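Scroll down for the structure; my scribbles are underneath it.
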Ligand code: TYD
């Protein structure tokens, strides 16, 4: 591989992103691609330190702006310490959630000012726009049922899972709106299908894109 690629996976709760990322990574490694699987919030030591503060709900009393700033701080560290160096050395980075989760969870359902969110995103990603984003779409009632089953008894829902079905429905619509606004970057995947079908769709979409696309970081570097 002459150049790396940056692929993100987005969507609501219980859409099966993590399972599909692992399957895709296995297939890519079998084809001798150099693959790095990572996630947000987290993915670098600095960002993992912030992850617990966010998912435990410790930051929730300070409001959505505080949470958005913490997600952005974690993202900036993750981009500079892990994602950009990996893509620059030719690795394919598969990232479980990224900037679209902030747009949706903090921006839309957090009710933050769009101009503030845009400025924050620009600082956090610093040009590291994903080459492809797979948006896993599922009815939130089904997604939450899956997320609860996955957690098993004992563990309660995290800071974001615990919110009302109405909020999860708004998130679903917001992810679909991003996909509609940025069709060159986003691919919507029907995540309600069985895992093998989803796997098939994801694999076909990613391999087709890898063959035909110039990675975004190269497009930006090219003279106008
Ligand atoms: P996690 O258990 O890591 O993942 P998932 O739901 O993808 O299986 O939870 C991450 C939670 O953090 C999830 O509820 C979405 C939320 N989140 C945001 O609100 N903003 C963000 O920018 C990111 C990356 C995640």
Report task. Just the Kirkwood number for the stretch 5-212, please: inverse of mean 1/r across all distinct Cα pairs, in Å, one decimal. Result -> 17.3
Query raised in the report: What order do you get for 138, 167, 83 when you list them from fewest to most C-beta neighbours inside 10 Å?
Result: 167, 138, 83
**Report entry** Ranking of 22, 40 by count of other Cβ atoms within 10 Å, fewest first
**Finding:** 22, 40
Report task. Report the calculated FRET efficiency for residue 180 and residue 146 (r = Cβ-Cβ distance, R0 = 25 Å), to the nearest 0.05. Result -> 0.50
Query raised in the report: How far, in nm, would the chain grow between residue 80 and residue 170 when pulled straight, counting 0.36 nm per residue and subtracting the alpha carbon separation?
Result: 29.3 nm
Query raised in the report: Any idea how far apart residue 69 and residue 192 come out in nm if each label point goes 7 Å out from Cα toward Cβ?
Result: 4.1
Requested in this report: Treat each spin label as a single point 7 Å out from the Cα along the C-beta direction, and report the residue 200 to residue 30 distance in nm.
Outcome: 1.5
Query raised in the report: Distance from the Cα centre of the stretch 59-85 to that of the stretch 110-167, in angstrom?
Result: 14
Report task. Evaluate the distance, in nm, between pseudo-label points positioned 7 Å from the Cα of residue 158 and of residue 62 along their respective Cα→Cβ axes. Result -> 1.8
Query - Footprinting exposure proxy for 146, 103 (fewest neighbouring C-beta atoms within 10 Å first) - result: 146, 103
Report summary line: Helix-only [θ] at 222 nm, the chain, -39500 (n - 2.57) per DSSP H run of 4+, per residue, nearest 500, equals -15500 deg cm²/dmol
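FYI, it's all coordinate maths here, none of it is from the lab. Note that the structure is a prediction, hence the values are computed from the model and not measured. Cβ sites come from the backbone with ideal geometry, for glycine too, and all protein chains shown count toward neighbours.
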